[in-house]
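Novice: Here you go, one structure.
Throughout, read-outs are computed from the coordinates displayed, never taken from laboratory work. None of the values given here were measured: they were computed from a predicted structure. Glycine also receives a Cβ, built like all others from the backbone with ideal geometry; neighbour counts cover every protein chain displayed.
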Amino acid sequence: MRERARLIAWADELRRVHDRLRRALQVAQKAAAAGRGAEAAGRELLLFCHGFCVALTGHHEGEDRELFPAIAAAHPELGDTLRYLQQDHSMIAHLVTGLELSLVRPGTPADLALHLEGVGAIMESHFRYEERQLLEVLDALVLEADPTQVLGPL
């Protein structure tokens, strides 16, 4: 019975993953704000951001690979919404790449904080739109798949 409940709890799972990614971003932002010089901030952010960046990227890749095709098959009317969300994924990936590059180049904690703020702003806008558009659909979605493959390694 527990496994069956798990299979149809995709809306709850998406909310949990989004909340964990929000918390991971906050940890990275705190590390940037506490910067004790660019080099120290960069080392801390390499640690915190690597986890955040990998999780965020894995989340979007899983949605593109597993979740969105399942939604498209069950709800073809959501094709435009899913394409928009995938465009967001591409834009966020570009911003994450810029953030990762800023971690390995000399820069100030303020530079790193700006990158994190930019990723965070787009990420939050994306999450809110995705939740508004898809949570009701996900409440009814039956998808027999590993949640870490669908929503990322969090």
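Novice: Return the FRET efficiency for the residue pair GLU136, LEU114: r is the Cβ-Cβ distance, R0 is 35 Å, and the value is rounded to the nearest 0.05.
Specialist: Computed FRET efficiency for GLU136 and LEU114 comes out at 0.50.
Novice: Provide ASP19, ASP88 in ascending order of the number of other Cβ atoms located within 10 Å of each residue's Cβ, fewest first.
Specialist: The order, fewest Cβ neighbours first, is ASP19, ASP88.
Novice: Determine the relative contact order of the range 2-151: mean sequence separation of Cα pairs under 8 Å and six or more apart, normalised by residue count, in whole percent.
Specialist: Relative contact order of the range 2-151: 44 percent.
Novice: So for the range 52-93, considering every pair of alpha-carbon atoms, how many percent are separated by more than 15 Å?
Specialist: Working: 340 of 861 pairs.
Considering the range 52-93, 39 percent of its Cα-Cα pairs are separated by more than 15 Å.
Novice: Sort LEU135, LEU143 so the one with the fewest other Cβ atoms within 10 Å of its own Cβ comes first.
Specialist: LEU135, LEU143
Novice: Fully extended, how many nm does the chain gain between VAL27 and TYR84 (0.36 nm per residue separation, minus their Cα-Cα distance)? Before the final figure, lay out the partial values.
Specialist: Values: separation 57, 0.36 × 57 = 20.52 nm, distance 2.83 nm.
Additional length available on full extension: 17.7 nm.
Novice: I would also like to ask the following. At 1.567 mPa s and 4 °C, plugging the Kirkwood radius over alpha-carbon pairs of the range 2-151 into Stokes-Einstein gives what diffusion coefficient in µm²/s?
Specialist: 80
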